[in-house]
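Colleague: I have a structure I would like to understand better, so I am pasting it below and will then ask my questions one at a time.
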Amino acid sequence: MNSQPARFRKSRVLAIIAVIILASFFALVAVYPLGIQAVILGGTKDVWAYSGGKPVSWAVQVYASNETVYCFPGIVELRNSGIAGLPYTLGVSLRPSSGLEFLEVRANGSMVLGFGPGLNYSGSMRLDPGSSVKLDLCLKAGKQGSFTLTFVDPRYERATMSVVTVSYVLVDWWNNSFTRRITLTPIVSREGLALFEITADGTVYVNGKPVRKVSSLEGVEANGLAVVLKSGGARYLVPFQVESWAKRPDGVLYPARIKSGREQMWGYDRLVFSAYLTNGSRIEIYLGGRLTANFTGGVEVRGDTVVFGSERATLNEWGFFSEGWGVNLSGYIVYPYQARRIGYSDAGTWKLLVSGPVRTISWFNTSGFSDYRIESAVAFWGRGVNATQMYVWPSVDFRGIILEWVSPIIYMGKGWTMSFDCGTTCSSLPVKVLQGNETRVQLCRDFFTPGGARYGYFHIALVKAPLAEIKSMAASFSSFPGG
């Protein structure tokens, strides 16, 4: 009889315990949802690090330079999976390598970690449930190595800690945002200034003379280029411009305009820049990136006066002249059957064609009254280059013997250097360069012309500095990260 109440008392105790456990469970669920319990009590991971769309389980591989800072946008991504439904405030810490010289980590454009000379910053970032943030890394290093980044919310260490090891190797590349590079390595017999023009088909001209061919620049955008001079162990960004050139039906080439932005190089277009060359220096032309530098104009045109660097020249109907030097572009021509020798010289007019950050080009054209014509694209280089270039296109309508034809006549002042290249003119005229008190380009003497003839072009560079003389020029093409 007494055993039954005992069983009832035991059942009642068990029922009370079950009610207490159930109440505790519902109370815990009310205070901490199941996701939070999994994170806080169960140690479930709620924040993950990704690179290249995959969870980071190995070292993230990047490249570095000991000359400049490389940046890698979005190289690491942190994701809050939202299991707990909690926002996290992730702090960032760094364990650097001995060779790391500079590091900056940015989230949404704001720096969350900085390391380097005079820079020691460690911040934090907020990561809401279900959200993610991509991190940009910028670094510079003196030698190969690796460093470790730790991201953690100290309140939920087990759920949020992500450790990312970044391994880097050094490469010889000016800017890692450019994917390709053409390298020109000259050997010079004389150090000096080099005026470069590289056409879209890859022909390299130095001081007006064709030197070699390189990879085509056709299809390359004007702001997708960068020109860098490497000399003495350092790299220098070189100002340049991209010119659009056109061809007339009679074969004369002329500059039409400056190309900019995403306009592409084609046909007769050319990349133009200058550099001082020594043995050991090299020119690097980077392609496939986006240059943010903005070069300002180096030449100023004031009416009939052109100011380029420390020089200025006045344009008149015969050519251009300055104090102590000048060029008579019109020259003269002498015909037979005259009682006395007469040199006919036609006046000309000027027209500004293009003006960019490197050089300005004006077109000179004689009247043709004396049955000959001189057309010339005259380039004035600024930015301390103090140079002029002349692309001269001679033609004659006269049929018969020409006793003498001279153009241009050059008056060189002290310290000026001249370079002459016969271009295509020498294939049809017996051109001579005659030195004296002035330098005369004699196009022909006692020479028969059939009438209505064009005689190609020739080129003259006039520089107030030594001009580089190229013995040879090697060229190579590489893709990042190749050197």
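The values are calculated or read from the model by the stated rules, or taken from the named source; none is laboratory data. All values derive from a computational prediction rather than experimental measurement. Heads up, the Cβs are rebuilt from the backbone with ideal geometry, glycines too, and the neighbour counts pull from every protein chain shown. Only protein heavy atoms, including side chains, enter the accessible area calculation; ligands, DNA and RNA are left aside. Shrake-Rupley method; radii C 1.70, N 1.55, O 1.52, S 1.80 Å.
Colleague: Can you list the aspartates and glutamates whose alpha carbon is less than 18 Å from that of residue 143, not counting same-chain residues fewer than 8 positions off?
Modeller: Of all the aspartates and glutamates, those that pass the test against residue 143 - Cα under 18 Å, at least 8 places apart if same chain - are 67, 101, 104, 172.
Colleague: Along each principal axis of its Cα atoms, how long is the chain end to end? Whole angstroms, biggest number first, please.
Modeller: That works out to 162, 42, 36 Å along the principal axes.
Colleague: To continue, here is another question. With +1 on each Lys and Arg Cβ and -1 on each Asp and Glu Cβ, and nothing else charged, work out how big the dipole of the chain is about its Cα centre, in Debye to the nearest 20.
Modeller: Value, rounded to 20: 1740 debye.
Colleague: Give the cross-link partners of residue 432 among the lysines, using a straight C-alpha distance below 19 Å as the criterion and excluding same-chain residues fewer than 8 apart.
Modeller: Excluding near neighbours in sequence, the set is 209.
Colleague: Please report how far the C-alpha centroid of region 54-85 lies from that of region 233-312, rounded to the nearest whole angstrom.
Modeller: Measuring centre to centre over Cα atoms gives 38 Å.
Colleague: Counting only other residues whose beta carbon sits under 11 Å from that of residue 369, what net charge do I get with K and R as +1, D and E as -1? Working shown, then result.
Modeller: On the way: positive: 373; negative: 346, 371, 397.
That sum, taken over residues with Cβ under 11 Å, equals -2.
Colleague: Counting only protein heavy atoms and using a 1.4 Å probe, what share of the accessible area of the chain belongs to carbon plus sulfur, as a whole percent?
Modeller: Working: 12050 of 22480 Å².
In the chain, the share of accessible area belonging to carbon and sulfur is 54 percent.
Colleague: Right, something else. Tell me the Kirkwood hydrodynamic radius of region 327-436 in angstroms, computed as one over the mean inverse distance between distinct C-alpha pairs.
Modeller: 15.5 Å is the Kirkwood radius here.
Colleague: For region 64-159, what is the Kirkwood hydrodynamic radius in Å, using each pair of distinct C-alpha atoms?
Modeller: Values: mean 1/r = 0.0708 Å⁻¹.
Every distinct Cα pair counted, the radius reaches 14.1 Å.
Colleague: Another question, then. Would you mind pulling out the separation of the Cα centroids of region 155-219 and region 98-140, in Å?
Modeller: Taking the Cα centre of each part, region 155-219 and region 98-140 sit 27 Å apart.
Colleague: Less than 12 Å Cβ to Cβ from residue 224, Lys/Arg counted +1 and Asp/Glu -1: what total charge do the surrounding residues give?
Modeller: Result for the local shell: +2.
Colleague: Which whole-Hz ³J(HN,Hα) couplings does region 392-407 yield from phi under the Karplus relation 6.51 cos²θ - 1.76 cosθ + 1.60, θ = phi - 60°, glycine and proline marked x?
Modeller: Result, rounded to whole Hz: 9, 10, x, 8, 9, 8, 5, 10, x, 7, 9, 5, 7, 9, 10, 5.
Colleague: I need the P(r) histogram for region 206-265: all alpha carbon pairs, bin width 5 Å from 0 out to the longest distance, whole percents.
Modeller: Calculated P(r), rounded to whole percents: 4, 13, 15, 23, 24, 12, 5, 2, 1, 0.
Colleague: Where only protein heavy atoms count, and the probe is 1.4 Å, what is the accessible area per residue for the chain in Å²?
Modeller: Roughly 47 Å² per residue, with all protein chains present.
Colleague: Got a sec? Charge dipole of the chain, +1 on Cβ for Lys and Arg, -1 for Asp and Glu; which of 210, 115, 288 is way out at the positive end?
Modeller: 115
Colleague: Can you spot the aspartates and glutamates whose alpha carbon is less than 18 Å from residue 247's alpha carbon? Ignore those fewer than 8 places along the same chain.
Modeller: 197, 201, 218, 269, 375
Colleague: Given axes a ≥ b ≥ c from the Cα gyration tensor, I'd like to know whether region 314-384 is rounded (a/c under 1.5), prolate (a/b larger than b/c) or oblate.
Modeller: prolate
Colleague: Compute the Cα gyration tensor for region 141-247, then decide on rounded, prolate or oblate, letting a ≥ b ≥ c be the square roots of its eigenvalues: rounded whenever a/c is under 1.5, prolate when a/b is larger than b/c in the other cases, and oblate in all that remain.
Modeller: Prolate is the answer for region 141-247, as a/c is 1.5 or above and a/b outweighs b/c.
Colleague: For region 410-483 and region 339-390, what is the separation of their Cα centres, given in Å?
Modeller: About 15 Å separates the Cα centre of region 410-483 from the one of region 339-390.
Colleague: For region 242-323, just say rounded, prolate or oblate: build the C-alpha gyration tensor, square-root its eigenvalues into a ≥ b ≥ c, call rounded for a/c under 1.5, and beyond that prolate if a/b exceeds b/c, oblate if not.
Modeller: Oblate is the answer for region 242-323, as a/c is 1.5 or above yet b/c matches or exceeds a/b.
Colleague: First select every other residue whose beta carbon is under 12 angstrom from the beta carbon of residue 267; then total the charges, Lys and Arg +1, Asp and Glu -1.
Modeller: -1
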